[in-house]
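Bear in mind that the values in this text are calculations on the coordinates, not laboratory data. Bear in mind that the values here come from a model prediction, so they are computed numbers and not experimental data. Glycine gets a Cβ as well: all are built from the backbone with ideal geometry, and neighbour counts include every protein chain shown.
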Amino acid sequence: MIPKVKLAQLPTPAHRLQRLSEELGGPELWIKRDDLTGLAMGGNKVRKLEYLLAEAVAQDADTLITAGAAQSNHCRQTAGAAGRVGMHCVLVLGGDDPGTRPGNLLLDELLGAEIVWAGEAGLNDAMQAEFDRLAADGRRPHLIPIGGSNARGAAAYAYATRELMEQDLRPDRIVVASSSGGTLAGLLAGARLFGYTGQITGIRIAKFGGAERDRLVELAKGVGELIGENLDISPQAVDIREGYMDAGYGIVTDRERDAIDRFARLEGILLDPVYTARAAAGMLDLIHRGEISKDERVLFWHTGGAPALFAYGSQVMDQPGAMS
Ligand SMILES: *Cc1c(COP(=O)(O)O)cnc(C)c1O
């Protein structure tokens, strides 16, 4: 058992999406609510942080450093987790200070994080520079990788696969957003470790970042090693769809708006503009094209992120600009 700090409300609920299924005329859709993991408005990173923070605590760190985009959900959840274990949190965010604090940025500050803008620097270089600065000041900093996606963080999603099976839900297919890769890699490892035999379809969100086939396999194998098993996973066996990311990271198109609209209007569920809207749009497209068949039972794994809606404003409306 990998040590963990309890941060998340688990198990997260899993339930049917009756009205959305009806509007589409099938398949039988379900949802796993990792938007409801509880800490600091929830999301998938809370699961990973349970394991990542156990390591930071064991190493007697006093400051967590992580990085992401300005609207990073991972950074917001890390800020919340740091407070829970009495650590300081430094967030290295991409680009320059926009001067305003919408969405996740507001929450980062409320949660007590110190924000450092990376400007033109690469996020990993800027994180390392913060690490060196803090260590030189006599602090005990601990780096959390972007998206929490090392083997330890990803292991959380191996255990999440087991949690789903303990809910007696064996969907024919799981659909999930994939960006830094830890969530999908963890699910792939968990399927092997705990006997889930359905399909796992990742929807790739961005061209950069870590959801390349080879890296997903390497991460999943790393999870296996941590849990104590050699996993034999071939890159060709990984179902990651790369056809939905062309608009660019964080760009909301009609497809994402349509997904946000359907989930909100029919199910009262808020998707986020960057990850889950794109993943849901991919799922709807695969259903539309018959690649996901109408007689499947499909589970959409909601990974959180709705606080970013408050930064995107009317960009997420069905008729953008209507409210502005
Ligand atoms: C980080 C994030 C993802 C992607 O998870 P990875 O493990 O980085 O692939 C998906 N959805 C939301 C809302 C996220 O914040």
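Residues that are away from the ligand (no atom under 16 Å from the Cβ), more than 23 Å from ARG139 (Cβ to Cβ) and touching a residue at least 60 places away in the same chain (Cβ under 8 Å), at least 3 per element: which helices (runs of 4 or more DSSP H) completely within the range 1-94 meet that? So that I can check it myself, show each step before the final result.
Details: elements: 18-24, 44-58, 73-84.
The helices (runs of 4 or more DSSP H) meeting that bar are 18-24.
Restricting attention to the range 107-118 and to residues that are touching a helix residue (DSSP H, G or I) at 6+ places or on another chain (Cβ under 8 Å) and outside any loop (DSSP other than H, G, I, E, B), the residue that is farthest from GLN59 (Cα to Cα) turns out to be LEU107. Could you give every pair whose Cβ atoms fall below 8 Å, whose first residue belongs to the range 176-193 and is closer than 19 Å to ALA277 by Cα, and whose second residue is among the acidic types (Asp, Glu) and surrounded by fewer than 24 Cβ atoms within 10 Å (Cβ to Cβ), counting only separations of at least 6 or pairs across chains? Every condition considered, the pairs that remain are GLY181/GLU212. Among the residues of the range 256-293, write down those that are among the basic types (Lys, Arg) and either in a loop (DSSP other than H, G, I, E, B) or within 16 Å of the ligand (Cβ to nearest atom) (or both). Listed by number, the residues that qualify are ARG278, ARG289. Looking at the structure I just gave you, is ALA206 within 15 Å of the chain's Cα centre (by Cα), in a loop (DSSP other than H, G, I, E, B) and within 16 Å of the ligand (Cβ to nearest atom)? So ALA206 passes the test.
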